[in-house]
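Here's the structure, in structure tokens; my notes come after.
Throughout, read-outs are computed from the coordinates displayed, never taken from laboratory work. Please read all numbers here as calculations on a predicted model, not as lab measurements. Cβ placement follows ideal geometry from the backbone for every residue including glycine, while neighbour counts extend to all protein chains displayed.
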Amino acid sequence: MKLKPIVLFAMLAILAVVGTLLAFQKSNDSNPTPGKIGGDFTLSSATGAASLSDYEGKLKLLFFGYTHCPDVCPLTLANVKVGLKQLPEELKQQVQVVFVSVDPERDTPDHLEEYVHFFDPSFVGLTGTKEEIDRVVRQYGAFYRIEKGDAKNYTVSHSARLYVIGKDNEIKQYLYHDSKSEEIAEAIKKQLL
């Protein structure tokens, strides 16, 4: 029996939602154990190679996602944008948002830059080869999985932690895709004041 395209699409959508919900279950531990995960890495931006250590002296907010994400990524970046707007300018200048794509096939450096700049021109989008991305994903205890679909239309299940990384490049706190802008602003203030 051949499935109608609308039924197949509905089944794929349900599977994607269930997979996403399972992937985004929160850990009760929002404070990381120092030294276990994290560290410097180098990937590609629209302006060339970029490393986390390039933003020395800044608090970093790091998030793994992809530009075709229908909900989690835009929600997270929008909440970060609003959270930053709640800060005095001198604190905002001490923060660098870094968005690492887990979809290297579609997220070219130029496309990533356009996407993150939609939220804020100071945000940086990074990508690389699948191998480079996999290494950084493992380094941060994150995950992603390409879901079935055709070559251009597919979803990616991915972890939804927002890493708060101190000026010393150590992970200080985890926030999540549904962290409110006020919570994000408070986490930044806690590290910078």
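Odds and ends about this structure:
- Residue order, fewest to most beta carbons within 10 Å, for Lys148, Lys58, Lys130: Lys148, Lys130, Lys58
- Sorted by Cβ neighbour density within 10 Å, fewest at the top, the residues Arg106, Arg161: Arg106, Arg161
- Within-10-Å neighbourhood charge of Gly166 [Cβ basis; K, R +1; D, E -1]: +2
- Cross-link pairs beyond the 29 Å C-alpha cut-off, checked among Lys36/Lys167; Lys152/Lys172; Lys92/Lys130; Lys81/Lys190; Lys92/Lys172; Lys58/Lys180: Lys152/Lys172; Lys92/Lys130
- Sum of side-chain charges, Asn79 neighbourhood, beta-carbon under 13 Å (Lys, Arg +1; Asp, Glu -1): -3
- Counting other Cβ atoms within 10 Å as a rough exposure proxy, the listed residues Leu77, Leu84 run Leu84, Leu77 from fewest neighbours to most.
- Environment charge of Phe41, counting only residues whose C-beta is closer than 10 Å and scoring Lys/Arg +1, Asp/Glu -1: -1
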